[in-house]
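Let me begin by presenting the structure, written as structure tokens, before commenting on it.
The values are calculated or read from the model by the stated rules, or taken from the named source; none is laboratory data. As the structure is a computational prediction, the values presented were derived from the model and not from experiment. Reconstructed Cβ throughout: ideal geometry from the backbone, glycine too, with neighbour counts over all protein chains shown. Note: accessible area is taken over every heavy atom of the protein model, side chains too, but ligands, DNA and RNA are not part of it. Shrake-Rupley method; radii C 1.70, N 1.55, O 1.52, S 1.80 Å.
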Amino acid sequence: MGSAPPARRFPSWARVLLVGWTAFAGCATLTFHMPGDHCALAPGGCDGVMPDLRGRPDYPRYASSPWATDGMQGLAHDDTHWYLISTHRIWKVPLDVPLARASQAPSVVPFEGRYTHLGDADFSRGTLFVPLEGDRLGGPPAIGALRPDLTPLGIQVLHGVEHASWCAVHPVTGRLYTSNFHTNRVHVFRVEITSDRFALVHERDLALRYSNDDKVDGLRGSVPQIQGGAISESGKLYLATNHTKTGIAVFDAESGAWIGHVPISFRPRWSLLTHEEVEGLDLFDLDAR
């Protein structure tokens, strides 16, 4: 009886290539199950809900926008201004100034540059709330509060949280929502704020689920790569994700129940040096104005 043939070994470069391909394939896998391709926000589908803006003549291109070359992360607004959040700076632009021409907008590096990465912010009741990551002092992620003139009001660290890429304030209840980068639950805080004090008090974790009747199992997997968030007055929680098959996932802000999703057309990778990402999210009630 003959001996078994020797096991075939791949050369080292092939093993590296295989591992790299496996890692890339893993990153491209949807990490949670969406219950269908419907969009509850638009009866009959999502067509036209999120148009492709690249063809507009006033599309704010990176090459001519200093606020964009630092890496746009989020945006918010009050009654008179946009707050544009880049990786390190916050820019304040009047609402009546086209963003494509907002090259002279004033900006600040908040909290003396203590944090290396800002996230998607929200403006509520006279305060700009900004997620803060990469603490140079080695601390956890945090939420920073600033006055409308971009002077700091305070920092609230988020103990036990790995990421803080977004935050949003419920316009009715005043509660602040945030979460990890990949998650199946959202942290909800009561905001305590005075002229010289800012604090967050954890109230609950909102479990994301497929329906109001689904009280136990919740989502299968986690909503991936959350880069932005916003909450409407009607109680819809919008989560912008950088996953090509997700777009904007929409949940009920009180129960956590799935409402639908809005696909986003973007080019995740043009070349080895250029790509697009889905980042911040803001809601502007045009009907009310």
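Quick check on ARG220: is it open to solvent by 60 Å² or more (accessible area, probe 1.4 Å) and at pLDDT 95 or above?
Numbers: open to solvent by 60 Å² or more (accessible area, probe 1.4 Å): yes; at pLDDT 95 or above: no.
No; evaluated as a whole, the condition is false for this residue.
What's the number of the only condition in (1) at pLDDT 95 or above; (2) over 17 Å from the mean Cα position of the chain (by Cα); (3) not aromatic (Phe, Trp, Tyr) that ALA257 fails to meet?
The single condition ALA257 does not satisfy is (1).
For segment 87-140, give me each residue that is within 28 Å of GLU233 (Cα to Cα), touching a His at 6+ places or on another chain (Cβ under 8 Å), aliphatic (A, V, I, L, M) and surrounded by fewer than 18 Cβ atoms within 10 Å (Cβ to Cβ).
LEU95
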